[in-house]
Amino acid sequence: MKKSDALRLKTRKMIAKNIIILVVLAVVAFVGAYSWFTIHQQTTAGGVDVSTKVNDKLEFYIMPPSGSDQYSAINSRLRDNATWNNDHPSETRRQTEWNEGELNFDFSDQQLKFMDGLFMSEVTGNGTTFNIPKLMQYDQIAYVDTTQSFEAAVANDNYMSFDLYFRSKHNYSIALTRDSKIEPVNGNSLSGQHVYNGDTDEASMKPGAIGAVRMSVLNCEANNACELLWIPAPNVWYDGINDRLYTGLTANGTSPYDFNHGSAYYTGSAIAERQNEHTTDHAFYSSASTRVKWENGTYNVIAGTDSSYQYQLRAASSTDIVVVTLPHRDTANDYYYGHIRVNLWIEGEDSEARLRLVNGKINMSLNFDIVEAVSG
């Protein structure tokens, strides 16, 4: 076995497992129009349980999203923490090293405090840029008011966003593995082919909110290229016209259990289902007057169409997705480093971004793997 192969096997580890719980409540604006989704309850450490695992070949640190390289800022912060610990020996010690092993998210922690004001509210976006549109109301359907400009969404207020830095003694390529998951907490309620009626099955329908969840990974070392836009649960569809949630949709299923279903919208005189669209598509508004549809398989859009409904990034036979190669060199400390950006949001244009499905709870498990090692 080659030395590089042996090293890869030795260092193949899961390094991130994130459990994100989304609690969403709809609100009515003072003008009578209301949003797809809005969270009133602030997400705190009690509502988000995140753990991360690495081995000693790969270290990581989480920072707020920024357009600049924050590697030096991380090291400076840790040095300052060491000084503070020396000056305050009787106080709770602050982190002085990059993360290794297991990390549990706590928004009171200095590393993660930038997310302590997070509200997951409805946004629309392409994975890189996010906006909050002005909405109008017709019957049970909220739709975009094309006469009004958008408001820019705020990271870690309206959606989750963080920069994940990696460093190592070797310039590894790092991939998000195919067994990564974004799944409903009560996933069993969405298994198999079922129809839930909003009048009688409201509680059972709540996990269907996962259908509106989106995640993107940006390669910050390649001009924020969107390496991945992930639709984790196209296998559920909320029929907003008839107030029904369908589960177990498949590519070759019979209607209404196939993917050939779009969201409900206002035609100008009535409510209709969008034609020539699928639950595997990603639709968003780039401006008030421009609605864009990215079909599955294009523009790095990947829908989790695993036939076993395990909400995995890809089926077991597919390859992992390389998201960054460590391009920078910290010669003083003999490290290579690089970073990605992870965005998690509720896509308001999706069929499942509706009042009926509020309070759905989501688990997110992101597993990263070392792909190759090149000796420096």
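Overview of values
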quantity: Qualifying residue in the range 306-315 (condition: under 16 Å from the mean Cα position of the chain (by Cα) and either without any contact (Cβ under 8 Å) to a residue 12 or more places away in the chain or more than 23 Å from residue 185 (Cα to Cα) (or both)); calculated: no
quantity: Hits in the range 184-197 (condition: crowded, with 18+ Cβ neighbours inside 10 Å, part of a strand (DSSP E or B) and either of a type outside the set (Ser, Thr, Tyr) or touching a Pro at 6+ places or on another chain (Cβ under 8 Å) (or both)); calculated: 184
quantity: Residue match in the range 118-136 (condition: farther than 30 Å from residue 291 by Cβ, touching a residue at least 40 places away in the same chain (Cβ under 8 Å) and under 23 Å from the mean Cα position of the chain (by Cα)); calculated: no
quantity: Test: residue in the range 275-288 that is without any contact (Cβ under 8 Å) to a residue 40 or more places away in the chain, among the hydrophobic types (A, V, I, L, M, F, W, C) and either within 16 Å of residue 351 (Cα to Cα) or open to solvent by 60 Å² or more (accessible area, probe 1.4 Å) (or both); calculated: no
quantity: Candidate set from the range 316-326 (those that are in contact (Cβ under 8 Å) with a residue 24 or more places away in the chain and of a type outside the set (Val, Ile, Thr)); member that is most open to solvent (accessible area, probe 1.4 Å); calculated: 316
quantity: All positions within the range 64-81 that are open to solvent by 70 Å² or more (accessible area, probe 1.4 Å) and assigned to a loop (DSSP other than H, G, I, E, B); calculated: 67, 69
quantity: Residue check for residue 275: at pLDDT 90 or above, in a loop (DSSP other than H, G, I, E, B) and of a type outside the set (Ser, Thr, Tyr); calculated: yes
quantity: Tally, over the range 327-376, of residues that are within 24 Å of residue 177 (Cβ to Cβ), among the hydrophobic types (A, V, I, L, M, F, W, C) and open to solvent by 50 Å² or more (accessible area, probe 1.4 Å); calculated: 1
quantity: Residues satisfying the stated conditions in the range 252-271, i.e. open to solvent by 30 Å² or more (accessible area, probe 1.4 Å) and under 19 Å from residue 138 (Cα atoms); calculated: 265, 266, 267, 268, 269, 270, 271
quantity: Breaking point among (1) open to solvent by 20 Å² or more (accessible area, probe 1.4 Å); (2) at pLDDT 90 or above; (3) touching a Gly at 6+ places or on another chain (Cβ under 6 Å); (4) within 30 Å of residue 62 (Cβ to Cβ), for residue 243; calculated: (4)
quantity: Contacts under 8 angstrom Cβ, first residue in the range 63-81 being under 17 Å from residue 332 (Cβ atoms) and hydroxyl-bearing (Ser, Thr, Tyr), partner outside any loop (DSSP other than H, G, I, E, B) and open to solvent by 40 Å² or more (accessible area, probe 1.4 Å), 6 or more apart; calculated: 71/328
quantity: Yes/no for residue 313 being in contact with a Lys or Arg (Cβ under 9 Å, 6 or more places away or on another chain), surrounded by fewer than 24 Cβ atoms within 10 Å (Cβ to Cβ) and not polar (S, T, N, Q); calculated: no
quantity: Residue match in the range 243-256 (condition: hydrophobic (A, V, I, L, M, F, W, C), in a strand (DSSP E or B) and touching a residue at least 12 places away in the same chain (Cβ under 8 Å)); calculated: yes
quantity: Some residue of the range 161-183 being surrounded by fewer than 16 Cβ atoms within 10 Å (Cβ to Cβ) and within 30 Å of residue 140 (Cα to Cα); calculated: no
quantity: Test result for residue 102, open to solvent by less than 60 Å² (accessible area, probe 1.4 Å), on the phi < 0 side of the Ramachandran plot, of a type in the set (Asp, Glu) and modelled with pLDDT under 85; calculated: no
quantity: Residue satisfying condition, being within 30 Å of residue 201 (Cβ to Cβ) and among the charged types (D, E, K, R), within set 329, 341, 356; calculated: 356
quantity: So residue 212, is it farther than 30 Å from residue 329 by Cβ, modelled with pLDDT of 85 or more and open to solvent by less than 10 Å² (accessible area, probe 1.4 Å); calculated: yes
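One line per residue, one yes/no per condition, for (1) in contact (Cβ under 8 Å) with a residue 12 or more places away in the chain; (2) within 26 Å of residue 160 (Cβ to Cβ):
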| site | (1), (2) |
| --- | --- |
| 200 | no, no |
| 204 | yes, no |
| 213 | yes, yes |
| 216 | yes, yes |
| 221 | yes, yes |
| 261 | yes, no |
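The values are calculated or read from the model by the stated rules, or taken from the named source; none is laboratory data. Treat the numbers as computed from the prediction; the structure is a model and nothing was measured. Note that each Cβ is placed from the backbone with ideal geometry, even for glycine, and that neighbours are counted across all protein chains shown. What goes into the accessible areas is simple: the full protein's heavy atoms, side chains included, and nothing from ligands, DNA or RNA. Shrake-Rupley method; radii C 1.70, N 1.55, O 1.52, S 1.80 Å.
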